[in-house]
Every structure is written in structure tokens, then in C-alpha cells.
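Every read-out reported here was derived from the displayed coordinates using simple, explicitly stated rules and does not represent laboratory data. Bear in mind the structure is a predicted one, so any value in this text is a computation, not a measurement. All Cβ positions, glycine included, derive from the backbone under ideal geometry; neighbour counts span all protein chains shown.
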Amino acid sequence: MKRSEFKYDFPKELTAEYPAEPRDSCRLMVVDRAEQTVDHRTFTDLPEYFNAGDVMIVNNTKVYPARLFGNKQKTDAKIEVFLLRELNPESRLWDVMVDPARKIRIGNKLYFDDELTAEVIDNTTSRGRTIRFRFEGTNEDLYAKIRELGETPLPPYIKRDVEPDDRDRYQTIFAEHRGAVAAPTAGLHFTDRLLDELRAKGVHIVPITLHVGAGTFRPVGVEDLTKHRMDSEEYTIPEDTAEKVNKALRSKENTVTAVGTTVVRTIESSLSVDEMLKAGSSWTDLFIYPPHEFKITDRLITNFHRPESTLLMMVSAFGGYDFMMDVYEQAVEEEYRLFSFGDAMIIK
């Protein structure tokens, strides 16, 4: 397929700049693939679509405040450093993106405050660099300093200023393992009350961890989708998660619901020889677009995604291209709130 086949128009005012309050009060579009129907509900209605023994998989990655601002040694020029991933805790090496890239070269010293500095070690891409932090203290002290100085990395299409409350707004209730520079946004809609209701019905809520990288916002730069390459992202699937998922798959009666596209990428990347879910840790660069045969995912809870994005392509592979593009037209007509802080859908 071609990138241009995933275009759609939407009014700019439908871009949600804040989450619903409370979070589970957002709208929920219920999309039935078999019947080719759409129903309009509220996220608080979600438990109606689950039965005892069903499995819901969530991503428990935790967003850290990845955007740092500082100055370059000697020139005192203002610079921005966007932390992508930690390469080596012992040597404090990180992959980052920098701005302005043309002024930040190997050997440059960067200053963030009196305690935290860094040296540029390598060029990785046009904007990418490897840096080594210089900091007196333990690694936990370093992470605390980054949290103190860093800014929440809101998606680039949210144009408002970052606010202190965004540290909580852009974090799911499942967040546990630090490592993401973007939230797995389908999880933003859940509340303690909703989880209690699901568990009371006998639903198994189990985690995976996939640390979302900045590549989630990277546009597809080619028209021919076979030529696009995804950034690799690290994931972990616990043994208990695999056991519960595989039990549901073998039952033929219970469903496996992925909360978000990051969960889908994870579970569809880790298959045993008998096409069951395999526990363990690895990296995935899986790019899912139509047509694609899903082995583990029965149902998907997700947000409404940007035109021509890899996320929309995955959703179209799961729900069916023609049907899902019609669904998106309906979402715009019905004025659903779009993207990271927007409304949700469940595709079943």
C-alpha cells in the first residue's frame, strides 16, 4: 500500500490538548469488524464488553521528562537535548536528539545547571548524538536531577506550552518502568474505579513493557510502505502475562485485548513455534500495515491517530482498511477528540 492512502482531513480544533477529566469520561467508539458497525459510548461503559477469563494487556512503561534545555560551552548558545534512550548506566551514555544540530559537534561540552553537564561523544544521525553525562552522585541521583530539570515531552502537534501538571497528565495509571519518551496513550483513559470494575468481572489485567521512542512521531518518509523502516524499541513480556494470554487463546472462549498499538507490536513480535505468546525480553522493529495476519490480538483499544502515521496503518490492518477509513470519517463527523489526549475506540 501507499502512504497517501492513509490521508484524511480533520478540523484542527478536534486535536485534544488536554485529557478528559475524569479520564474515563472520554467518549468510546465501539467498532465491530464482523458486523461492520459503529456504536457511540463512553469509556466508563468498557467493562460491558468483557467477560470472566478475558485478558487485557497493558503497557507499564513510564515516561520520563526527556527534554532538557541548556547551554553550549564557550559560546553559551542555547541548546535543547531530547533524551532517547540510556545506552549504558555505568558510563552514563545516552542516545539523544539535539537542536540546533549544526552547532553541536563531537567534543562539545553542554551545561544544564551547576551540577549537570555532558560531553558529545558521537554523531549518530543528522540530529542524533551520543552524549556522556557528567554528574557527581549515583545513577538514581542522576535520574532525579533529570526529573528536576527535564520537561515533559508532549507530542509535537500539541502546540500549547508544557505545564507542570503534564507530568501526571501524560502518564498512564500503569506506569512503572522508566524508559519511554512518549506515553502509550490508549492507557491514559483508565482509572482505579474502572480497573476495579474490570477485575470484579474476572478480567485478567496483565502487563508488558515496551519503551516508546521518539520514532512513534517520525513521519513515514516514503510513498511505498515496503521501504519504510521502524525504529527498534525494547520490550519485556513477563512469564505470568504469557501464561494468562495463552490460556485465553487455547480456551477459544476468552478474548485477548491489547490496550494500545505498543502492546500489539510487542505481542505480535514474540511468537513461539506454535504461535503462542512467548515470554522474554527483546527488541522489535515490526511495521504492521495492511494486509497483516494477527496471531495474538483479538481486540484493540486505541486512540484516533494522525493521518499517514504508522499507528493508523496498524489500526487499518487490524480493522480492515476500507472500513477503518470510513470509521475515521465518522469520527470526524461526530467530532470525536483526536490523538494522544483524545477519545478512544475499541475494535472487536
Per q in 0.09 Å⁻¹, report the Debye log10 I(q)/I(0) for the range 207-345, using one uniform scatterer on each alpha carbon and no solvent. -0.28
Which whole-angstrom value gives the distance between the alpha carbon centres of the range 257-271 and the range 97-169? 29 Å
Between ASP285 and ASP114, the FRET efficiency computed from the C-beta separation at R0 = 45 Å comes out, to the nearest 0.05, as 0.70
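Regarding the chain, what is the average projected area of its C-alpha convex hull, in nm²?
Working: hull surface 72.0 nm².
Average projection, Cα convex hull of the chain: 18.0 nm².
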Work out how far the C-alpha atoms of the range 67-149 reach from end to end along every principal axis, then list the three figures in whole Å, largest first. 32, 24, 20
In whole angstrom, and with the biggest value first, how far do the Cα coordinates of the range 40-183 range along each principal axis? 62, 34, 28
Sort 5-17, 38-50 for me by packing, meaning the mean count of neighbouring Cβ atoms within 10 Å per residue, highest on top. 38-50, 5-17
For 176-188, 330-342, ranked highest to lowest by mean beta-carbon neighbours within 10 Å, the order is 176-188, 330-342
So, over other residues within a Cβ distance under 13 Å of GLU275, counting Lys, Arg +1 and Asp, Glu -1, the net charge is 0
Step through the residues of the range 262-271 one at a time and calculate ³J(HN,Hα) from phi using the Karplus curve (6.51 cos²θ - 1.76 cosθ + 1.60, θ = phi - 60°), rounding each to whole Hz and writing x for Gly and Pro. 5, 5, 4, 4, 5, 6, 7, 9, 10, 10
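Given the peptides 63-76, 272-285, arrange them by the average over their residues of other C-beta atoms within 10 Å, most packed first. Please report the intermediate quantities before stating the final value.
Values: 63-76: 16.5, 272-285: 13.6.
Going by the mean number of other Cβ atoms within 10 Å, highest first, we get 63-76, 272-285.
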Total charge dipole magnitude, the range 192-271, about the Cα centre, Cβ charges on Lys, Arg, Asp, Glu only, Debye to nearest 20: 220 debye
Taking every DSSP bridge whose two residues both lie in the chain, the antiparallel percent to the nearest 5 is 70 percent
Give, rounded to the nearest 20 debye, the magnitude of the charge dipole that the chain has about its Cα centre when Lys and Arg contribute +1 at Cβ and Asp and Glu contribute -1 at Cβ. 1120 debye
q = 0.11, 0.12, 0.15 Å⁻¹, the range 193-288: log10 I(q)/I(0) [Debye, one scatterer per Cα]: -0.40, -0.47, -0.68
